[in-house]
1. Testing Asn187 on (1) surrounded by 18 or more Cβ atoms within 10 Å (Cβ to Cβ); (2) outside any strand (DSSP E or B); (3) at pLDDT 85 or above, one condition comes back false. Which one is that?
2. Looking at Leu330, Leu269, Leu316 in this structure, which one is more than 22 Å from Ala186 (Cβ to Cβ), surrounded by 15 or more Cβ atoms within 10 Å (Cβ to Cβ) and not β-branched (Val, Ile, Thr)?
3. Give me a count of the residues in region 49-78 that are under 21 Å from Ser34 (Cα atoms) and outside any loop (DSSP other than H, G, I, E, B).
4. Please work out if Val350 is under 27 Å from Ile257 (Cβ atoms), modelled with pLDDT under 90 and in contact with a strand residue (DSSP E or B) (Cβ under 7 Å, 6 or more places away or on another chain).
5. Among the candidates Glu260, Glu212, Glu278, Glu236, which residue alone is surrounded by fewer than 16 Cβ atoms within 10 Å (Cβ to Cβ), touching a helix residue (DSSP H, G or I) at 6+ places or on another chain (Cβ under 6 Å) and among the charged types (D, E, K, R)?
6. For region 97-144, name all the residues that are surrounded by fewer than 17 Cβ atoms within 10 Å (Cβ to Cβ) and hydroxyl-bearing (Ser, Thr, Tyr).
7. Just to check your reading of the model, which residue among Ile276, Ile282 is within 20 Å of Ser218 (Cβ to Cβ), touching a Ser or Thr at 6+ places or on another chain (Cβ under 8 Å) and not charged (D, E, K, R)?
8. Please go through region 179-236 and pick out each residue that is of a type in the set (A, V, I, L, M, F, W, C) and under 18 Å from the mean Cα position of the chain (by Cα).
Amino acid sequence: MRAITHISFSLLTLGLVSSFTKLPLSLEIIITASLSSLLPDIDTTKSTIGKVLKPVSSFLDTKFGHRTITHSLLACVFLAIISLPLLFLKTNYYQALQIGYFSHLLIDCINKTGIPFFYPNNTFFVFPSSPKWRIEVGSLGEYILCGLIILATFGIWYLNGIGFRSWLSGLLASPELAVKEYRTHANKYKMSVKVKGFYILSQKEVNNQVFEIIDSESDKTLIVKNKNNKLITIGENPNNTIQAHKMVIIKDKSIKIKTEPFKFAGQPLGLMFDYIDENTFISGTVEANERPKYLKMDLKPFETGEFESIKVSAGLSEYDSKLELKNATLKQLKPLKKLGITGELVSRKVF
């Protein structure tokens with residue numbers, strides 16, 4: 001194949017790998033993979049890299065011939081070993097080097113002759129099996145293939161720009177994928193979710209309604225805010241407020257999240273009120289020096305279907321309670337400001 005075809009295919013391969021890994025598509029990585037995709041053709045003086053490194057290419061061409069040792073698994077292993085020092089640079093050059101090189105071997109399999117992947121074994125690997133479907137170097141077929149590769153590369157890199165999982169989640173509208181999508185970007189973006197489903201209790205239909213996401217309760221459930229500023233749950237679980245058939249994540253804007261721990265050793269819960277506001281959510285589990293039945297009297301009852309962000313249960317003794325908070329607000333906690341607690345709570349505020 002021509003140099004342009006190898007470079008294009010290496011970038012397509014790089015984009016595919018990046019879609020499923022954390023490999024960044026930086027300029028340095030792109031250049032590394034592109035140059036590496038030309039390396040196998042160093043065994044001929046007619047190639048682009050062979051002309052640049054003619055003494056090396058001339059030796060390899062005379063000693064082994066074109067498409068022999070440099071187009072084999074043996075060469076891949078050799079490259080992987082000699083480039084090991086790149087790993088100490090704490091960059092992704094090493095991975096890009098291997099991806100570029102191996103992409104060259106893959107695309108050369110569709111040439112008329114293929115490659116001897118297990119050289120010195122002279123069995124040549126080709127694809128497809130019928131010679132009439134394989135492509136001759138420099139032919140019209142190669143340029144058509146190169147054009148298709150470039151188009152596919154633009155598509156894959158576009159998906160990388162918006163997030164491959166985001167695209168897949170939006171395409172399938174899967175509730176489970178939507179929750180995973182939220183969890184992936186929860187610390188970077190303020191997000192909403194568009195939902196189709198129904199309220200479990202009333203059976204009222206929810207048709208493409210948008211809710212602001214506050215948090216995730218599990219890997220299949222989102223905690224969202226409804227139009228009355230109450231927290232409810234949405235997902236596939238039948239115990240949720242809304243059972244969703246389809247969910248699509250909407251990224252609203254970039255955010256910053258500030259978290260702060262608060263440790264208590266018998267002090268009143270209200271001590272933290274000077275450091276939080278109505279846009280802060282409190283989570284954690286603490287012990288309270290009050291009986292559960294009295295705490296429940298102080299708390300405003302949660303409405304049917306509302307997410308229970310404050311749970312009270314029996315503590316270590318009959319005079320104590322266990323207080324579990326999950327995205328509780330300042331307004332919800334104010335009735336408990338004089339309550340002495342022991343343990344740690346964490347505040348979370350989104351900017």
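1. (1)
2. Leu269
3. The qualifying residues number 16.
4. Against the criterion (under 27 Å from Ile257 (Cβ atoms), modelled with pLDDT under 90 and in contact with a strand residue (DSSP E or B) (Cβ under 7 Å, 6 or more places away or on another chain)), Val350 qualifies.
5. Among Glu260, Glu212, Glu278, Glu236, only Glu278 is surrounded by fewer than 16 Cβ atoms within 10 Å (Cβ to Cβ), touching a helix residue (DSSP H, G or I) at 6+ places or on another chain (Cβ under 6 Å) and among the charged types (D, E, K, R).
6. Thr113, Thr123, Ser129, Ser130, Ser139, Tyr143
7. Ile282
8. Passing the criteria: Val179, Ala186, Met191, Val193, Leu222.
The values are calculated or read from the model by the stated rules, or taken from the named source; none is laboratory data. The structure displayed is predicted, hence computed values, not measured ones. All Cβ positions, even for glycine, are placed from backbone atoms using ideal geometry, and neighbour counts span all protein chains on display.
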